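Values quoted throughout were computed directly from the atomic coordinates according to the rules given, and no laboratory measurement underlies them. Because the structure is predicted, anything quoted here is derived from the model rather than measured. As a convention, Cβ positions derive from the backbone with ideal geometry for all residues, glycine included, and neighbour counts pool all protein chains shown.
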Amino acid sequence: MTSSAPAVRSPQLAVRARAVAGRAAAILVLAVGAVWLAVNLFHAPTQFFQSAVYGLRNGVLYALIALGYTLVYGIIELINFAHGDLFMLGTLFSAFTLTGLGLTVSSPKGWLGFVLVLVLAMIFCASINVTIEFLAYRRLRRAPKLAPLITAVGMSFILQFVGLRWNGSTPRLWPSVLPAGHFQIGGVNIDYNILVVITVTAGLLALMTWIVTSTRTGKAMRATAQDQDAARLMGINVNRIISFTFAMGGALAGAAGILYQQTVGTTRYNAGFQLGLIAFTAAVLGGIGNLAGAVLGGVLIGVIQGLNDGLPYAFGQEWSQSVVFAILIMLMVFKPTGLLGQNIGEKV
Amino acid sequence: MSFAEPLPRESKPRGRMRRRLRFTWPLFFAALAIGAFIFYYVLTLGYLDPAVNDFVQQWFPLVSINEALVWVMAALGLNIVVGYAGLLDLGFVAFWAIGGYVAGWLMSGFFDKAHVNVLGNPAPFIVGGIHINFWLVVIAGAAVCAFFGVLIGAPTLRLRSDYLALVTLGFGEIIPQVFHNGDDVGGLNISNGTKGISPIDPVKSLSISQQGVTFKSLGPFDHLSRYLIFVVLTILIVFMSLRLREGRLGRAWLAIREDELAASAMGVPLMRTKLAAYGIGAVAGGVAGVAFAAHVSGVLPDRFQFSISITLLAMVVLGGMGNVWGVMLGALVLAWFNSTGLPQLGDTFNSTFGTSINFPSYSFLFFGGTLVLMMLFRREGFLPESRTRLVLREPERTDMEALGSDIEEQAPELDGMRIGGKSGDDEGARL
């Protein structure tokens, strides 16, 4: 082989040209998005903020679910496809428990019941998640990556089956125990239950951040995520830490479940699949494995979806899924590490 | 995967015995196809006892066998992507949908402004529209799907496996939604929305009935003729899969599946090879789409759901990833079980034990459970390719090594080769 100078240089040039073109395309996409937002804001400011508020409520729920994905991915690099369905079981559990306790109207007793069932739903989902990990994923930790992924898909189907049996194949409507009504700021209606959602989520996030950053268990989690072998050498019980991570993810899914059921008011056996997918997109958008990223991604996705559903110049609700996935695909093309994710190098 | 220890050598039969083994499965399937044809031919002519006829109509109706063949085609396409090249695709239903809509556009009166007829066979009472011969539509569907396969693959194949799965899943959700909302895309009706496109032109072919064999357009009950057509299409796809597997491209796929880094170091062009896997897999998906449209004589957008992608994956996994015969067997069994077996078994169970359990509602549990149990206990499928068996049943690592979850870390020899590989503090920033 004769190596001539241009033959060596041209691939580099091509690579650089591709990088420049990629960046230009990304800027173009962002610019189009900004123009779209500006036009809508100018045209219908009230509607804009109203949609954004509803989007924010969904986004906060997405953030809670996304945290479960990102926690599990951060520690064992598994996309837990069953997580969305776990959330769905959380909605069913809270709906049936609240109604079973006879709490159907908004009253101080109902609010107390809400807090109680919130805790129960978190425990419920956490224990299911830990059980799944113990029965299925733990045995596959040394297997090629495809194996746990397919197992997770299978688990998702099993949980959907449980949901189908529990809820029935048609959506169900449930009463809410949260205070109804809304107040207005500059013509924008803000429901009281949105405030509840945001308060509960903020509290949980603070608790979780505290656990991960300031406790011994959190330190062990970070160590396990970094290097399981070394963590075990340091005396960390890796299996227990992984179980604990699954429990935390499950608890957040349970909390998201009751909040969703109380604000949206319906339960469907296949709700978990779609919401889980959107939440996972959110986790990827923020940079998977990054906790703050998952929250940011969830809120962003929620707001974008809310704007798309509610604005006059938008694709509209029937394209909601497509918009979310289009964002995901564009993100994968332009910035596979996500917004806050560090570049951990492409592992081959 | 470790380079240090050679994979355990499997004791393989040599010489004549080996050659015979090589032909076992093709002969088995050929005998199955021909036997089924002769059996149903005799059945159509009405020579058999009515009791036999009833039994067959209940347990093995030809409709469900035709449908199973469509599943076989699609599963073989997915096998090229997942089994050969090791790229997890969770949105394969997209190609099925695209193939179906190509058939819908090119073989119906949907575009009533157009008057095109290329060897076509318009259904009676249909004025206008595009009517193109079925076999040409098969080629067109395959070509369009190959194009979309490359289009979907191009931006995403750089990603790591689990991200790739997610992005393909996204495409698998977007494309059916496009067809679902396609009755008003900027005022244009491109897919008739939820109503779908129906009817689709009947195929003109040999028709086998009690009146003898004639050449005419097939009616809704000419299942035996459609069976022949589907068998021909399946054979084409099987042939394509087998020949590609033996060739340079196939070996490149296997190399990528087993170790991407080593493959690229050996000069395998990663992008091109992966794109080829996507494109060719999509071809089979497109053929299946066209065949399914001809099978049910129409396309409906709501049929193309995520569960189809998963069912296809279950077929590939159950049969044995990478092995054409295993995938065929898995697809036939699962498709039959899904369409006929489960309801029939349920009915038999209910009438025997006097229960009233709705068995088809258990299909979620059945499919999920199958995937999980297979992954836990027989990861390589029932009829694995010998190479897959070796890779998936890797020699057990020592206790210390086994603690690490990622396999990449298990090859210390590679550390020097990795350029800018991950270092500890990079990862420390996560979580």
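Which FRET efficiency value, to the nearest 0.05, is calculated for A:LEU28 and B:LEU27 with the Förster distance at 51 angstrom and r the Cβ-Cβ distance?
On the way: r = 58 Å, r/R0 = 1.13.
So the FRET efficiency works out to roughly 0.30.
Less than 10 Å Cβ to Cβ from B:VAL81, Lys/Arg counted +1 and Asp/Glu -1: what total charge do the surrounding residues give? Before the final figure, lay out the partial values.
Numbers: positive: B:LYS274; negative: B:ASP89.
Counting the neighbours of B:VAL81, the net charge comes to 0.
Return the FRET efficiency for the residue pair A:TRP166, B:LEU376: r is the Cβ-Cβ distance, R0 is 25 Å, and the value is rounded to the nearest 0.05.
0.50
Other chains' Cβ within 10 Å of A:44-56 residues: what's the mean? Write out the running numbers ahead of the final one.
Values: counts 0, 0, 0, 0, 0, 0, 0, 0, 0, 0, 0, 0, 0.
Across the residues of A:44-56, the mean count of other-chain Cβ atoms within 10 Å is 0.
For each of B:TYR278, B:TYR163, A:TYR192, count neighbouring Cβ atoms within 10 Å of the residue's Cβ, then give the residues from fewest to most. Don't skip to the end; give the middle numbers.
Working: B:TYR278 26, B:TYR163 17, A:TYR192 14.
Starting with the residue having the fewest Cβ neighbours, the order is A:TYR192, B:TYR163, B:TYR278.
Inside 10 Å of the C-beta atoms of B:167-173, what's the mean count of C-beta atoms belonging to other chains? Numbers along the way, then the final one.
Numbers: counts 8, 1, 7, 11, 4, 1, 8.
Partner Cβ neighbours, averaged per residue: 6.
If r is the Cβ-Cβ distance from B:PHE147 to B:ASN117 and R0 is 25 Å, what FRET efficiency results, to the nearest 0.05? Write down the numbers at each step before the final one.
Values: r = 25 Å, r/R0 = 0.99.
E(calc), rounded to 0.05, equals 0.50.
Before rounding to the nearest 500, sum -39500 (n - 2.57) across all DSSP H runs of length at least 4 in the protein assembly as shown and divide by the residue total; then give [θ] at 222 nm in deg cm²/dmol.
On the way: 29 runs with 507 residues, N = 779.
Helices in the protein assembly as shown give a 222 nm mean residue ellipticity of -22000 deg cm²/dmol.
Order of B:LYS274, A:LYS109 from fewest to most other C-beta atoms within 10 Å? Please report the intermediate quantities before stating the final value.
Details: B:LYS274 25, A:LYS109 13.
Fewest-to-most ranking of B:LYS274, A:LYS109: A:LYS109, B:LYS274.
So, by mean Cβ neighbours within 10 angstrom, what's the order for A:166-175, B:288-297 with the highest one leading? Please report the intermediate quantities before stating the final value.
On the way: A:166-175: 13.8, B:288-297: 26.9.
Packing order, densest peptide first, comes out as B:288-297, A:166-175.
Going by average Cβ density within 10 Å per residue, which order do the peptides A:322-331, B:113-122, B:351-360 take, highest to lowest? Before the final figure, lay out the partial values.
Details: A:322-331: 21.0, B:113-122: 13.3, B:351-360: 9.8.
The packing order, highest mean first, is A:322-331, B:113-122, B:351-360.
If you scale each eigenvalue of the Cα gyration tensor by 5 and take the root, what three semi-axes come out for segment B:24-398, rounded to whole angstrom and sorted largest first? Walk me through the intermediate numbers first.
Numbers: eigenvalues 214, 155, 82 Å².
Semi-axes from the Cα gyration tensor: 33, 28, 20 Å.
What residues qualify as long-range amide H neighbours of B:SER207, i.e. H under 5 Å apart, gap of 5 or more or another chain, H built at 1.01 Å from N?
B:THR214, B:PHE215, B:LYS216
Sticking with the crude label model, points 7 Å out along Cα→Cβ, report the distance from B:ASP54 to A:ARG240 in nm, one decimal please.
With each label placed 7 Å out from Cα toward Cβ, I get 6.5 nm.
Pop a pseudo-label 7 angstrom from the Cα along the beta-carbon direction at both A:THR104 and B:TRP135 and give the gap in nm to one decimal.
Once both label points are built, they end up 6.6 nm from each other.
Once label points are set 7 Å from the Cα along Cα→Cβ at both A:PHE334 and A:ALA21, what is their separation, rounded to one decimal in nm?
Placing both labels 7 Å beyond Cα along the Cβ direction yields 1.7 nm.
B:LEU90's amide H: which non-local residues (gap 5+, or another chain) put their own amide H closer than 5 Å, with H modeled 1.01 Å from N in plane and none for Pro or chain starts?
B:THR168, B:LEU169
What is the mean number of Cβ atoms from other protein chains located within 10 Å of the Cβ atom of each residue in peptide A:226-234, rounded to a whole number? Intermediate values should be presented prior to the final figure.
On the way: counts 8, 7, 6, 7, 3, 1, 3, 2, 0.
Mean partner shielding for this stretch: 4.
Amide H neighbours of B:PHE382 under 5 Å, at least 5 residues apart or on other chains, H built in the peptide plane: list them.
Amide H to amide H, under 5 Å and 5 or more residues apart or across chains, B:PHE382 pairs with B:GLY319, B:GLY320.
Report the gain in length on full extension from A:ALA180 to A:LEU195: 0.36 nm times residue separation, minus Cα-Cα distance, nm rounded to one decimal.
Details: separation 15, 0.36 × 15 = 5.40 nm, distance 1.12 nm.
Result: 4.3 nm gained on full extension.
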